[in-house]
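One structure below.
FYI, it's all coordinate maths here, none of it is from the lab. What you see is a predicted model; the values in this text were computed from it and never measured. Cβ placement follows ideal geometry from the backbone for every residue including glycine, while neighbour counts extend to all protein chains displayed.
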Amino acid sequence: MNKVSSSIAESLKVYASAKINLHLEVLGLRKDGFHELAMVMQSIDLVDEIEITKTNDELISLNSDNPELDNGDGNLIIKAAKLIRSRSGLRDLGALIYLRKKIPIGAGLAGGSSDGAATLVGLNSLWGLNFSNNQLEDMAAELGSDVPFCISGGAQLCFGRGECLEPLDKSDPTLAIVLVKDPSVSVSTPWAYSRYKQLNESTYLSKEIDFQEKRMALRKASWLRPLNASNPPPLINDLQEVVAPATPAVEKALQFLRSLKGVLSVAMSGSGPSCFAIFSDLDQARIALEENQEELRKQCLEGWCCALNSKGVRFAK
Ligand SMILES: C[C@@](CO)(OP(=O)(O)O)[C@H](O)COP(=O)(O)OP(=O)(O)OC[C@H]1O[C@@H](n2ccc(N)nc2=O)[C@H](O)[C@@H]1O
Ligand SMILES: Nc1ncnc2c1ncn2[C@@H]1O[C@H](COP(=O)(O)OP(=O)(O)O)[C@@H](O)[C@H]1O
């Protein structure tokens, strides 16, 4: 067992981007019980901040500015840190981690997944482990279906249960979104999928050749290359049809967004309850949000306007 040499404590900061789903199609069921998906995911400029200091006391500890969060083994940051340490075989690696939470929790924005991805990338660097991006993505897939995407982020096709990635050309950088969510509501992802299955299992595809056909159709979508304002994505999200009717906060968010001036298209993100509207640029998004603060308050909604991010995990300069 190599001893980790004692060195001056070093630290670094990584940013973990949230994501939205520009396309979420449920194709069928897989042998492992997960759903076969065809998705397009896009990183957005709503980021958690994770500060990591290396220690040699074999302890991995987490604190955060969000009391709602479990700072123990239930947190994807701790799960990711313990996973990459066990893969390194170096048991006496330690780290002090601090999370500044900005991404709403359980919101359909992969906030937890992105924190897990950022922890893998950050510790790989801080502990000098030199795992490749593919190796990090393999570890990420063990943490959750959305975690592999969150490593490189940007705009990617996501197939399988979400871990089979095909990077897309950079989206038109002027595009922006308005994101809204009722802060008192979160949606359970397992519930959303099981509800969808309850209502749609009879229409599920089951043959690989049929899955391939759906993947090819998405790869050829006219709005995809690159994502742009003149031919905006239709924003299909199969989970929206089951979550929205059961979650008034989602319907409320969709209606608010559809009323905004200059909106190109509107959808729920992932399993919700966050919903977003695409605008051709950040100024239009900002004006639309600023002009409707009163309505936002009346509807008990929280709103952000964000640019798109070309990366998932970023190191602070
Ligand atoms: C719905 C999506 C869309 O991007 O994102 P969020 O809304 O969570 O952000 C993802 O599929 C969520 O990915 P993630 O949150 O990582 O899911 P996991 O932890 O892997 O799985 C949680 C549960 O969701 C269901 N699940 C997840 C992924 C998938 N392809 N099929 C499924 O049926 C399973 O019941 C699983 O036990
Ligand atoms: N660092 C974290 N940030 C947010 N949620 C986390 C984190 N670690 C674990 N979780 C758990 O993951 C679930 C939400 O994950 P998240 O990725 O934020 O959801 P969603 O993908 O729906 O936005 C919650 O049950 C939360 O308790």
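At 222 nm, what helix-only mean residue ellipticity would the chain give, in deg cm²/dmol to the nearest 500, using -39500 (n - 2.57) for each DSSP H run of four or more? Display every interim value, and only then the final one.
Working: 10 runs with 103 residues, N = 317.
My calculation for the chain gives -9500 deg cm²/dmol from helical runs alone.
Take every DSSP beta bridge with both residues inside the chain and express the antiparallel ones as a percent of the total, to the nearest 5.
On the way: 53 of 61 bridges.
DSSP beta bridges in the chain are roughly 85 percent antiparallel.
Relative to the first principal axis of the alpha-carbon coordinates of the chain, what is the inclination of helix 208-219, with its axis defined by its Cα atoms, in degrees from 0 to 90 and to the nearest 10?
80 degrees
List every residue whose amide H lies under 5 Å from the amide H of residue 270, counting only residues 5 or more places away in sequence or on a different chain, with H placed 1.01 Å from N in the peptide plane.
Close amide H contacts, sequence-distant or interchain: 21.
What three numbers, in Å, describe the spread of the alpha carbons of the chain along their principal axes, ordered from the longest?
59, 49, 34
For residue 19, which lysines qualify as cross-link partners when the Cα separation must be under 23 Å and same-chain residues fewer than eight apart are set aside?
79, 101, 102, 170, 181, 214, 220, 252, 311, 317
Nearest 20 debye, what's the magnitude of the dipole of region 11-169 about its Cα centre given +1 on Lys and Arg Cβ and -1 on Asp and Glu Cβ? Walk me through the numbers before you get to the answer.
Working: 14 positive and 22 negative charges, 44 e Å.
It works out to roughly 220 debye.
Explain nothing, just the number: dipole magnitude of region 193-279 about its Cα centre with +1 on each Lys and Arg Cβ and -1 on each Asp and Glu Cβ, in debye rounded to the nearest 20.
280 debye
Around residue 71, which amide H atoms from residues at least 5 apart in sequence, or from another chain, sit under 5 Å from its own amide H, with H modelled in the peptide plane?
Here the answer is none, since no amide H 5 or more places off falls under 5 Å of that of residue 71.
Please compute, over every Cα-Cα pair in region 262-314, the percentage with a separation greater than 17 angstrom.
The answer is 45 percent, as a whole percent.
Helix 133-143: angle to the longest alpha-carbon principal axis of the chain, degrees 0 to 90, nearest 10?
Helix 133-143 sits at roughly 80 degrees to that axis.
Round to the nearest 10 and give me the degree value, 0 to 90, for the angle of helix 248-258's Cα axis relative to the longest principal axis of the chain.
Value to nearest ten degrees: 70.
So between residue 102 and residue 10, what do we pick up on full extension, going 0.36 nm a residue minus the alpha carbon distance?
Contour length minus Cα-Cα distance gives 30.7 nm.
Could you rank the peptides 166-177, 110-121, 302-313, 219-230 by their average count of other C-beta atoms within 10 Å per residue, with the highest value first?
The densest-packed peptide leads the list: 110-121, 302-313, 166-177, 219-230.
Given charges of +1 on the Cβ of Lys and Arg and -1 on the Cβ of Asp and Glu, with all other atoms neutral, how large is the dipole of the chain about its Cα centre, in debye to the nearest 20?
360 debye
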